[in-house]
Amino acid sequence: MERVVIIGAGQAGGWAAKTLRDEGFTGEVVLVGEEAHPPHERPPLSKDVLLGTKPPESTYLWPAGLDVDFRPKTRAVALDRAAHRVELADGSSLAYDKLVLATGARVRRLEHPGALYLRTIEDALALRAALLRQGSVGVIGGGWIGLEVAAAARRLGCAVTVVELAPRLCPRVVPPVLSDYLKRLHERQGVEIRLGIAEPPNADTIVVGVGVVPNVELAEAAGLAVANGIAVDAFGATSDPDIYAAGDVASRDGVRLESWANAQNQAIAAAKSLLGRKTPYDEVPWFWSDQYDVNLQLVGLPKAGHEIVLRGRVEEDRFSLFFLEEGRVAAAASVNAPRDLRIARRLIELGRTVDPAALADETRPLQTLLKNP
């Protein structure tokens, strides 16, 4: 194997490239990305970069000395799987022995002239400039991005209204009990929340955060299996044994995860696997969000039928929720209680039956539950 080509230079693509070098691969690594910036993390764009507490360069994944042929502002337009070639928009092409598709996702757009979005560094800088004018801000979409933008806008002195078509906030990510908490949190900070409506609010600045669409067109046109993303197995391999996929665009058993941890760790596993060091990616899903002085973390995937156990005090903005399935912790969420979440992850991995009363009892250290046979 002489050359690995990676399409997509976001977090997944960047970690795939770095892992190849970390694992001792000495062939060529070509990293093709449409953005002008080197691989970087996106979560800070809606937090530190938007607030101005850190510069955009702080999001970069690795320093300029990594032995990678990085090609910014370059777009792949077609895959020739038979010839093992990637066709580029400038008319040139790249041969590959193995290929990694880390094409990520793009924002879902609405027909609203002048609306701002948040996905790229340029988006974050344009939105920050608008928020610094301290006018009114209307946020369309009550998911993670919408709520983080709302929090940043309030901190920068803007009047904020959030509209969400669903009857509750973050309906795809968190259970109703957390949706209710987030609504109260934002209302305490002066945000107006309007649920169950789609009409954009009247505001000086409109921000749209209604989800993303996986960039599967390249893979689909090449005949790769696609199901809510590019279909991959536990090792990140697609339906073509010489092509792997990772990050926001990859789908395993129809499930696609849009998270920092997934983009990084799935890419690491895929890079190792394509080198022949088969590494399954089987980590428990993990998400987080920072809003005002609240750090909310979620591990696992809560379901409607789970038994919910509360530990801590919701009114003090410090608590955890455990979601039990047949007596075992299947998922957990924490607000300003990261230690609880770390232990919850271990309980999920162990698959151990736990006493709900012990989970709720703050006088009993959670780590004692890890010691039971």
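The values are calculated or read from the model by the stated rules, or taken from the named source; none is laboratory data. Predicted model only: the values in this text are computed from it and were never measured. Ideal geometry is used to build each Cβ from the backbone, glycine not excepted, and the neighbour counts take in all protein chains shown.
Restricting attention to the stretch 362-373, does a residue exist that is within 22 Å of the chain's Cα centre (by Cα) and among the polar types (S, T, N, Q)?
No, the stretch 362-373 contains no residue that is within 22 Å of the chain's Cα centre (by Cα) and among the polar types (S, T, N, Q).
How many of the residues making up the stretch 25-72 are closer than 22 Å to Ile7 by Cβ, β-branched (Val, Ile, Thr), touching a residue at least 60 places away in the same chain (Cβ under 8 Å) and not in a strand (DSSP E or B)?
1
In the stretch 325-340, what residues are in contact with an Asp or Glu (Cβ under 7 Å, 6 or more places away or on another chain) and surrounded by fewer than 19 Cβ atoms within 10 Å (Cβ to Cβ)?
Asn336
What are the residues in the stretch 7-24 that are in contact with a Pro (Cβ under 7 Å, 6 or more places away or on another chain), of a type outside the set (A, V, I, L, M) and in a loop (DSSP other than H, G, I, E, B), if any?
Result: Gly10, single match.
Taking the stretch 230-256, which residues are within 10 Å of Ala270 (Cβ to Cβ) and in a helix (DSSP H, G or I)?
Within the stretch 230-256, Gly247 is the sole residue that qualifies.
Taking the options Ala330, Ala304, Ala246, name whichever one is outside the structural domain of Arg184 (by TED's automatic domain parsing) and under 13 Å from the mean Cα position of the chain (by Cα).
Ala246
Of all residues in the stretch 187-229, how many are free of Cβ contacts under 8 Å to residues at least 40 places away in the same chain, part of a strand (DSSP E or B) and either among the hydrophobic types (A, V, I, L, M, F, W, C) or under 21 Å from Leu296 (Cα atoms) (or both)?
Looking only at that region, the number is 2.
Any chance the stretch 170-186 includes a residue that's aromatic (Phe, Trp, Tyr), assigned to a loop (DSSP other than H, G, I, E, B), within 22 Å of the chain's Cα centre (by Cα) and at pLDDT 95 or above?
Taking every residue of the stretch 170-186 in turn, none turns out to be aromatic (Phe, Trp, Tyr), assigned to a loop (DSSP other than H, G, I, E, B), within 22 Å of the chain's Cα centre (by Cα) and at pLDDT 95 or above.
With the checklist (1) surrounded by 18 or more Cβ atoms within 10 Å (Cβ to Cβ); (2) modelled with pLDDT of 95 or more in hand, flag the one item Asp80 doesn't pass.
Asp80 satisfies all of (1) surrounded by 18 or more Cβ atoms within 10 Å (Cβ to Cβ); (2) modelled with pLDDT of 95 or more except (1).
Condition check: over 29 Å from the mean Cα position of the chain (by Cα) and in the same structural domain as Ser239 (by TED's automatic domain parsing). Does Arg75 satisfy that?
no
Quick grid of which residues meet (1) among the aromatic types (Phe, Trp, Tyr); (2) at pLDDT below 95; (3) within 19 Å of Arg21 (Cα to Cα); (4) surrounded by fewer than 17 Cβ atoms within 10 Å (Cβ to Cβ):
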site	(1), (2), (3), (4)
Gly254	no, yes, no, yes
Ala261	no, yes, no, yes
Leu274	no, no, yes, no
Trp288	yes, yes, no, no
Leu298	no, no, no, no
Leu301	no, yes, no, yes
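Of everything in the stretch 253-269, what is touching a residue at least 40 places away in the same chain (Cβ under 8 Å) and among the charged types (D, E, K, R)? Give them in sequence order.
Arg256, Glu258
Which condition breaks for Ser92 when tested against (1) more than 30 Å from Tyr244 (Cβ to Cβ); (2) surrounded by fewer than 20 Cβ atoms within 10 Å (Cβ to Cβ); (3) at pLDDT 95 or above; (4) of a type outside the set (Phe, Trp, Tyr)?
Looking at each condition in turn, Ser92 falls short on (1).
In this structure, does Leu301 turn out to be in contact with a Pro (Cβ under 7 Å, 6 or more places away or on another chain) and hydrophobic (A, V, I, L, M, F, W, C)?
For Leu301, the condition - in contact with a Pro (Cβ under 7 Å, 6 or more places away or on another chain) and hydrophobic (A, V, I, L, M, F, W, C) - is met.
Please state which one of Val210, Val191, Val160, Val216 is under 26 Å from Ala304 (Cβ atoms) and in contact with a helix residue (DSSP H, G or I) (Cβ under 9 Å, 6 or more places away or on another chain).
Every option except Val210 fails the conditions.
So which residues in the stretch 165-223 are among the basic types (Lys, Arg) and surrounded by fewer than 16 Cβ atoms within 10 Å (Cβ to Cβ)?
Arg172, Arg184, Arg188, Arg194
Looking at (1) at pLDDT below 95; (2) among the hydrophobic types (A, V, I, L, M, F, W, C); (3) under 23 Å from the mean Cα position of the chain (by Cα), can you tell me which one Ala64 breaks?
It fails just one condition, (3).
What number of residues within the stretch 95-104 are farther than 13 Å from Ile7 by Cβ and surrounded by 20 or more Cβ atoms within 10 Å (Cβ to Cβ)?
Number satisfying all stated conditions: 0.
Would you please name the residue that is nearest to the chain's Cα centre (by Cα), looking only at residues in the stretch 349-358 that are among the hydrophobic types (A, V, I, L, M, F, W, C) and modelled with pLDDT under 95?
It comes out as Leu350.
Taking only the stretch 105-139 into account, find how many residues are β-branched (Val, Ile, Thr) and either surrounded by fewer than 23 Cβ atoms within 10 Å (Cβ to Cβ) or modelled with pLDDT under 95 (or both).
Residues meeting the conditions: 3.
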